[in-house]
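What follows is a single structure, written as C-alpha cells, with notes after it.
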C-alpha cells in the first residue's frame, strides 16, 4: 500500500535529532524522499543512513539555517537530487541563553534571533519558489507554547519572542501563499523528550522569575510525563498530508494541556 506522502519530496531542518529526525523518518516511511538538514554533519549523515537502511530515500544536507548562501545551496542540492519540493518542515531552533533582560548580552539575543527567526525566514525564502513551481505544497514551522500561550519561563525573552514571531509569520504567509495552493501551519510543542532543554544556557533566571502555581503534575493529560518526538512527528505527518488539505494559517498546540494551566 502506498504511503500518504508517496511521490513527494520533503525538506526537514534540524533533522539530526529529536522532533526533526522523528519527522524525517516518518515522512520517508510514508513514501517521501527527504532532505535531512542540520549544521552537524555526523548526526545528519546518521539520520540519512537510518532512512536508507529502512528502504527510504534521503539526502544529507549540512547547513546552518542562519546562513543565506548555505541554505540556498542546500535547497538547490535537494531539488537537483529529487527534482521537486513539496513539503518544508522548518523545525531547526535553539533555546539559546535564558537570562534577565538586563543581563542578556546583545550577541546572545542576536544568536537566538538568527537561528530561530532568520533561520525560518531563510528556509522558506529559498524553498517557496520550488513549492510554487510544484503547484502547491505544505509548510510546517516548529514554534512553542512559550511566547504563544505561556510566559512564565524565566529569562526566555529572546526565545519566546522568536516563537511568537513564527506564529505571526505563519498566519501572514498562509494568506500570501494561498493563491499558490501552499498551506502554512505551525506546531507549538510543550515539554517534549528532546535534548533542547539540556542545551539551554540559563543564567540567573531566578532574578526574572515570578512564582507560578501548578497543580500536581505539570502536564494534565499525562501527569509529569512529557510528550515524545514521535507524537510531534505524527502531527507533522497529518499537517503535511492531504488529510489536512483545508487547514492553513493554524497553530496547533501539542502539550497535553500544559499551556492551559496558567
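The values are calculated or read from the model by the stated rules, or taken from the named source; none is laboratory data. Quick caveat, the model's predicted, so the values are computed rather than measured. Using ideal geometry, Cβ is built from the backbone for each residue, glycine included, and neighbour counts are taken over all protein chains shown.
Things worth noting here:
- Hey, residue 17 within 17 Å of the chain's Cα centre (by Cα) and either without any contact (Cβ under 8 Å) to a residue 24 or more places away in the chain or within 24 Å of residue 193 (Cα to Cα) (or both) or not: yes
- Subset tally (residues that are in contact with a strand residue (DSSP E or B) (Cβ under 6 Å, 6 or more places away or on another chain) and surrounded by 19 or more Cβ atoms within 10 Å (Cβ to Cβ)) for region 108-134: 4
- Condition check for residue 89: touching a residue at least 60 places away in the same chain (Cβ under 8 Å), assigned to a strand (DSSP E or B), in contact with a strand residue (DSSP E or B) (Cβ under 7 Å, 6 or more places away or on another chain) and within 21 Å of residue 234 (Cα to Cα): yes
Results for (1) in contact (Cβ under 8 Å) with a residue 40 or more places away in the chain; (2) over 23 Å from residue 23 (Cα atoms); (3) buried (at least 20 other Cβ atoms within 10 Å of the Cβ), shown as yes or no for each residue.
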residue: 136; (1), (2), (3): yes, no, no
residue: 143; (1), (2), (3): yes, no, yes
residue: 153; (1), (2), (3): yes, yes, yes
residue: 156; (1), (2), (3): yes, yes, yes
residue: 171; (1), (2), (3): yes, no, no
residue: 174; (1), (2), (3): yes, no, no
residue: 177; (1), (2), (3): yes, yes, yes
residue: 182; (1), (2), (3): yes, no, yes
residue: 186; (1), (2), (3): yes, no, yes
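- Every test in (1) at pLDDT 95 or above; (2) over 15 Å from residue 145 (Cβ atoms); (3) touching a strand residue (DSSP E or B) at 6+ places or on another chain (Cβ under 9 Å) is passed by residue 231 save one, and that test is (2).
- Condition check for residue 42: modelled with pLDDT of 95 or more and not in a helix (DSSP H, G or I): no
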